[in-house]
Amino acid sequence: MPAPRLPERLKRLPVAHRALHDGTAACPENSMAAIRAAMAAGYAVELDLQISADNEVFVFHDEDLSRLTGTSGRVDETPAGRLSTLPLLGGAEHPPPLSDVLDLVAGSVPLLLEFKPQRDGGDRLAAAAAPLLRSYRGALAVMSFDPALVASLADHLPDVARGLTTMTWRGKDAEGLSPATRARLNAIADYETTGASFISHHHRDLGSAAVTRLRGLGADVLCWTIRSAAEEAKARQIACNVTFEGYRAALP
């Protein structure tokens, strides 16, 4: 069966990175306030997913709570009831459950959901998110840096477009990766075996041989994270769409 393709609206509407946040306590990243702002502006929304200790899926970027909540501990070791009451950056916003986000968006703008790599391999996260996403009615795609997690998403959500979040791993970014793993990731060698139909690649490396190869195979290419109109113009020479923050990308 051919891999599900990226929804057309996710190729057309610029994607607000972690929603349309402004870095303040009033509108922090991955918050309901930032999602509402993106919806009001007419942008697609990129969000990050983590899982609580009791298997509820939350929209939250880090595996650790400290940067965004000032509280020590891991998301996957914290119960959902506790997570949903933690103030983001000391404000009135809290980490939102994915179920609440889906109810809010309700198909009004496209969603690009990044499943963050998990120390348990990620199948628990994929399995917990799958029932919510199978019943969702709206433009949607899922992705992850971890090819094994993308393969798990293929099992749990075979009808949802899936992709790999990618970059050229080098320097400090590659610390802890074996040479073989680094080579495989840099070649995006898992694209075919995971049943992906798109990649979201670091904008600085869009001219890489791996990206060129996949474009030749018909892969859709998104990119991250664009922070100026000049970067956007350059990226769009290769990428069909951009994930952006810190400025307002031009709407079509």
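The values are calculated or read from the model by the stated rules, or taken from the named source; none is laboratory data. Keep in mind that what you see is a predicted model, and the values were worked out from it rather than measured. Neighbour counts are summed over all protein chains in view; Cβ atoms, including those assigned to glycine, are modelled from backbone coordinates with ideal geometry.
In the set A41, A34, A3, only one residue is touching a strand residue (DSSP E or B) at 6+ places or on another chain (Cβ under 8 Å), crowded, with 21+ Cβ neighbours inside 10 Å and not hydroxyl-bearing (S, T, Y); that residue is A34. Among residues of region 77-91 that are within 23 Å of D22 (Cβ to Cβ), those with a beta-carbon under 7 Å from a residue that is assigned to a helix (DSSP H, G or I) and not hydrophobic (A, V, I, L, M, F, W, C) at least six positions away or on a different chain give the pairs L86/T69; P87/T69; L88/T69. Just one of the numbered conditions (1) assigned to a loop (DSSP other than H, G, I, E, B); (2) within 15 Å of the chain's Cα centre (by Cα) is not true of N55: (2).
Do we have any residue at all in region 56-65 that's under 24 Å from P7 (Cα atoms), crowded, with 16+ Cβ neighbours inside 10 Å and without any contact (Cβ under 8 Å) to a residue 40 or more places away in the chain? There is at least one residue in region 56-65 that is under 24 Å from P7 (Cα atoms), crowded, with 16+ Cβ neighbours inside 10 Å and without any contact (Cβ under 8 Å) to a residue 40 or more places away in the chain.
The set of residues from region 62-87 being in a helix (DSSP H, G or I) and out of contact with any Lys or Arg (no Cβ under 8 Å at 6 or more places or on another chain) comprises S66, R67, L68, T69, V75, E77, A80, G81, R82, L83. Just one of the listed residues (A38, A16) is outside any loop (DSSP other than H, G, I, E, B), under 20 Å from P97 (Cβ atoms) and over 14 Å from the mean Cα position of the chain (by Cα), namely A38. Restrict the check to region 228-235 and report whether at least one residue is closer than 26 Å to L125 by Cα and either surrounded by 15 or more Cβ atoms within 10 Å (Cβ to Cβ) or at pLDDT 95 or above (or both). No: zero hits.
When residues in region 95-109 are screened for being of a type outside the set (D, E) and without any contact (Cβ under 8 Å) to a residue 40 or more places away in the chain, 3 of them pass.
Scanning region 170-191 for residues being part of a loop (DSSP other than H, G, I, E, B) and touching a residue at least 24 places away in the same chain (Cβ under 8 Å) gives a total of 3. Between G207, G176, the distinction of being over 21 Å from the mean Cα position of the chain (by Cα) and modelled with pLDDT under 95 belongs to G176 only. Selection of region 83-109 for residues being farther than 22 Å from V45 by Cα and surrounded by fewer than 16 Cβ atoms within 10 Å (Cβ to Cβ) yields T85, G90. When L125, L149, L112 are checked against the criterion of being surrounded by 23 or more Cβ atoms within 10 Å (Cβ to Cβ), in contact (Cβ under 8 Å) with a residue 40 or more places away in the chain, over 17 Å from H202 (Cα atoms) and within 14 Å of the chain's Cα centre (by Cα), a single residue qualifies: L125. Residue under question is E29, and the condition is that it be more than 18 Å from G138 (Cβ to Cβ), touching a Leu at 6+ places or on another chain (Cβ under 9 Å) and crowded, with 19+ Cβ neighbours inside 10 Å; does it hold? Taking the combined requirement at face value, the residue satisfies it.
Residues in region 52-69 that are among the hydroxyl-bearing types (S, T, Y) and touching a helix residue (DSSP H, G or I) at 6+ places or on another chain (Cβ under 8 Å) were compared, and the one that is nearest to H21 (Cα to Cα) is T69. Does E245 fit the bill of being in contact with a helix residue (DSSP H, G or I) (Cβ under 7 Å, 6 or more places away or on another chain) and farther than 22 Å from A3 by Cβ? Criteria not met by E245.
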